[in-house]
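Structure first, then comments.
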Amino acid sequence: MMNAELLAEMELVRHPWSSLRVIQGAAEAIPTALRSLFSARSPSEIQTAYWRIENQVVVQGQLFESAVATTQVLMASLVDAKRPMPVRIGILELLFQLTSGESHQSEVDRGNGNLGEQCRAAAREGLWLLYRELVEGEAAAAREVLEVIERTPDRLVMLDKLATEA
C-alpha cells in the first residue's frame, strides 16, 4: 500500500512552480514551504512555513496564479490523517484563505479572473476529506472551508442534526 505522505509529494511535483506566479515573481519557493509545513514539528515551524505561503500565494484575500496548484497540494496532504493536528490546522487555515480569495487585479489583467472559483473547485474534488476532518479532526477549521465550498449546504445541516441526535 502507498504511504499517504507520497500523495501530497506526487501532487507537489506535478506542477510547474517556476512558471506559476506569486506576489513577486515565480512560485519556485512554494514547494519547499509546503514541504516545511507538512513536516513541521513545532508551532514556530508551522507558523514560519504558513507565512511563506500565505504572504506569497494569497495576500489579504488576493490570489495569484499558483493558488490553484497550492490548493490541490494542500487537499492531497489531507489524505494523511496521521499528520499532527497543529499541521492539519495550518493546512485547513491556508485552504480557507485560498478558497475564500479572489484573483488579484494583476491576475485579472492576465485573464486569470476566476482563480477563486478554481481554488474552490479544486477543494471540492476532495470534499470528503474535509468532511472527515469535520467529524474526526479539526472540526472548526474544516467547517470554515466547507462553508465556503459546499454547494449542498443541507449536508452540513444534516450532519449537525445527526450529531445532536447521537
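The values are calculated or read from the model by the stated rules, or taken from the named source; none is laboratory data. Bear in mind the structure is a predicted one, so any value in this text is a computation, not a measurement. Because the Cβ atoms are built from the backbone with ideal geometry, glycine has one as well, and the counts that use them run over all protein chains shown. Note: areas computed on protein heavy atoms with side chains; ligands, DNA, RNA excluded. Shrake-Rupley method; radii C 1.70, N 1.55, O 1.52, S 1.80 Å.
Observations, loosely collected:
- Among the residues listed as Glu93, Glu5, the single one being open to solvent by 70 Å² or more (accessible area, probe 1.4 Å), within 22 Å of Arg143 (Cβ to Cβ) and part of a helix (DSSP H, G or I): Glu93
- Residue in the range 25-37 that is among the charged types (D, E, K, R) and exposed (fewer than 13 other Cβ atoms within 10 Å of the Cβ) present: no
- For the criterion of being among the β-branched types (Val, Ile, Thr), farther than 18 Å from Arg124 by Cα and open to solvent by 50 Å² or more (accessible area, probe 1.4 Å), Val57 fails.
- Across the range 79-95, the number of residues qualifying as among the aliphatic types (A, V, I, L, M), within 11 Å of Phe38 (Cβ to Cβ) and touching a residue at least 60 places away in the same chain (Cβ under 8 Å) comes to 0.
- Selected residue (only one of Val135, Val148 is in a helix (DSSP H, G or I), of a type outside the set (S, T, N, Q), over 10 Å from the mean Cα position of the chain (by Cα) and modelled with pLDDT under 95): Val135
Each row is one residue, and each column tells you yes or no for (1) among the β-branched types (Val, Ile, Thr); (2) in contact with a strand residue (DSSP E or B) (Cβ under 6 Å, 6 or more places away or on another chain); (3) at pLDDT below 95.
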position	(1), (2), (3)
Thr71	yes, no, no
Gln97	no, yes, no
Glu102	no, no, no
Gln105	no, no, no
Asp109	no, no, no
Ala122	no, no, no
